[in-house]
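Asks: Before I ask anything, here is the structure I am working with.
The values are calculated or read from the model by the stated rules, or taken from the named source; none is laboratory data. All figures in this text were calculated on a predicted structure; none of them were measured in a lab. What goes into the accessible areas is simple: the full protein's heavy atoms, side chains included, and nothing from ligands, DNA or RNA. Shrake-Rupley method; radii C 1.70, N 1.55, O 1.52, S 1.80 Å.
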Amino acid sequence: MGDQNGFQEGISLYKGRKYADALTCFLALPPDDSADPVEVAYYVGLCYAKLERYDDALLYLEQVVTAEDGSEDETSGRRVLQCRYLLAVIYCTTGRKKLADFELNKLLDLGYRTASVYASLAYIAWDDGDVEKCIDFYNKALAVDENNPTALNGLGYVLANEERDLAKAVGYCQRALSLAPDSAACLDSMGWVYYKMGLYSEARKYLEKAHQKDDTNELIASHLQEALQVEEE
């Protein structure tokens, strides 16, 4: 039987954010290693997710869910919840919304009603064009955690975009930005609220900062272009 030195080294590398090295370590474990194969699959899936190798991550994370779903062991139960949430995030990221929606609702069924789960469901609802459902999910997220920056930013952006309550929108976005001052998404939402309020100079300032943070984001670029065009008129 092998020992767990290689496995523990992989965990140490993962915690040190050396994901590629950790992955190499885990994949090099011999077949007779004494480490729990489900736990190895869990860390391999996490490494692949961190490296944005999503299809590989899905393969291993799904193994963990299949192997441990329904387990009464507390550690296994937490691991399944985490893997289901990661699966949902990856499905969202890769455009598989129905699968993401399934995993998120499964988490709710299991009692895992976190702000992150509700915020993710809100994002899917927004992408589907269901504004009311989106707002409802963001409000549920904030009921769980009133300082969740994703939910604050998302709700502020939606209210601004729909021009429903700009006073509330600017408040939500200001709170989100105070919690995540370097977030391109939060800077963009702040700028977009000011744009909707007709404060174009302020809008441009925030949108330019957002574009500097993420110059590949098409939505941010389009918001900035609209703000610049208005100022030129």
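Asks: Any idea what Rg and Dmax come out to for region 115-173 if you just take the C-alpha atoms, in Å?
Replies: 10.0, 26
Asks: Pop out the carbon and sulfur fraction of the accessible area of region 193-233 as a percent, whole number, probe 1.4 Å.
Replies: With neighbouring chains kept in place, the figure for region 193-233 is 42 percent.
Asks: Karplus couplings for region 218-224 from phi (6.51 cos²θ - 1.76 cosθ + 1.60, θ = phi - 60°), rounded to Hz, Gly and Pro as x?
Replies: Coupling constants for region 218-224: 5, 5, 4, 4, 5, 4, 5 Hz.
Asks: Next question, about the same structure. Dimensions of region 34-181 along principal axes (Cα, Å, largest first)?
Replies: On the principal axes, region 34-181 reaches 59, 29, 28 Å in Cα extent.
Asks: Distance between Cα centroids, region 121-147 to region 69-104: provide it in whole Å.
Replies: If you average the Cα positions of each part, the centres end up 19 Å apart.
Asks: Just to check I understand the Karplus step: with θ = phi - 60° and J = 6.51 cos²θ - 1.76 cosθ + 1.60, what whole-Hz values come out for region 178-185, glycine and proline as x?
Replies: Coupling constants for region 178-185: 5, 8, 9, x, 9, 7, 4, 5 Hz.
Asks: Using the Kirkwood radius over Cα pairs, work out the Stokes-Einstein diffusion coefficient for region 80-158 at 37 °C and 0.692 mPa s, in µm²/s as a whole number.
Replies: Working: Rh = 12.2 Å.
Calculated translational D: 270 µm²/s.
Asks: Helix-only estimate, please: 222 nm mean residue ellipticity of the chain, summing -39500 (n - 2.57) across DSSP H runs of length 4 or more and dividing by its residues, to the nearest 500.
Replies: -24500 deg cm²/dmol
Asks: Please compute the per residue accessible area over region 128-171 with all protein chains in place, 1.4 Å probe, rounded to a whole number of Å².
Replies: 48 Å²
Asks: Running Debye on region 107-231 with equal point scatterers at the Cα sites and no solvent, what base-10 log of I(q)/I(0) appears at q = 0.15, 0.19, 0.20, 0.23 Å⁻¹?
Replies: -0.64, -0.98, -1.07, -1.31
Asks: Hey, which of these cross-link pairs are over 29 Å Cα-Cα: LYS15/LYS205; LYS50/LYS209; LYS98/LYS140?
Replies: With Cα atoms farther than 29 Å apart: LYS15/LYS205.
Asks: Moving to a separate point now. Taking all pairs of different Cα atoms in region 30-104, averaging 1/r and flipping that mean, what Kirkwood radius in angstroms comes out?
Replies: About 12.5 Å for region 30-104.
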